[in-house]
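J.: Have a look at this one.
The values are calculated or read from the model by the stated rules, or taken from the named source; none is laboratory data. Fair warning: this is a prediction, and the values are worked out from it, not measured in the lab. Every residue, glycine as well, gets a Cβ built from its backbone with ideal geometry; the counts of neighbours run over all protein chains shown.
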Amino acid sequence: MNNQTIVSENPTFSAPSVVPTSVAKPAPEVWQPGTPRLEITGVVEHGNAWGRLLGFPTANLPLDNHDVDGVWAGTVRFVEGANEETGNPGREVEYVAAISIGTRQTYYSDGVRLLEAHLLDFAGDLYGIPITVGLHELVRGQVKFAGSDELVAQLIVDVQDVRHWAASNLAGAAQLG
């Protein structure tokens, strides 16, 4: 069964259940800096490992056709350390992330739309874990690069831009993660 993605404007965080369709709602009319313009919730799936091979591992969510393609500065929230057997509910954590949404044009001429979130300063396995991705600020549009070297050079710039955005826009950004 393919875990679909929920897109919503004002969710309260809880572990999402699998839903059969995606739902998209526009951002609220009055947007406040530091809050996401859009939140996307889903269960992390295995990708093709391009991010990991390039040195930028990602948490991947399948994404239907939405008008949000590009590279975003944002956040990723999830529950860490939950254990049903012991009754430990875990704790909610949030990481700053560089997020790419698109069809991965550098490698595929007709790729499937995917959300790929590179969580800054995170080392771990999120496969099968429900996450909520907050899209805060569009960094740039999608670009087809000549190859991996050119893509990696741009990813380094993107991560620097996201760090700068977080330091300037998120209260307590240093404590995230």
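J.: Please verify whether the range 148-168 includes one or more residues that are in a loop (DSSP other than H, G, I, E, B) and modelled with pLDDT under 95.
T.: No, the conditions are met nowhere in the range 148-168.
J.: Next question, about the same structure. Counting just the residues of the range 113-147 that are among the aromatic types (Phe, Trp, Tyr) and at pLDDT 90 or above, which one comes out surrounded by the most Cβ atoms within 10 Å (Cβ to Cβ)?
T.: Residue satisfying both the conditions and the ranking: Phe122.
J.: Another question, if that's okay. Go through the range 38-55 residue by residue and tally those that are at pLDDT below 85 and in a loop (DSSP other than H, G, I, E, B).
T.: Final tally of qualifying residues: 4.
J.: While we're here: Among the listed residues Pro26, Pro16, identify the single one that is at pLDDT below 75 and out of contact with any Gly (no Cβ under 8 Å at 6 or more places or on another chain).
T.: Every option except Pro26 fails the conditions.
J.: On to the next question. Given (1) assigned to a strand (DSSP E or B); (2) buried (at least 16 other Cβ atoms within 10 Å of the Cβ); (3) at pLDDT 65 or above, where does Glu92 come up short, assuming only one miss?
T.: (2)
J.: In addition: Among the numbered conditions (1) within 17 Å of the chain's Cα centre (by Cα); (2) farther than 22 Å from Pro36 by Cα, tell me where Asn88 comes up short.
T.: Just one mismatch for Asn88, condition (1).
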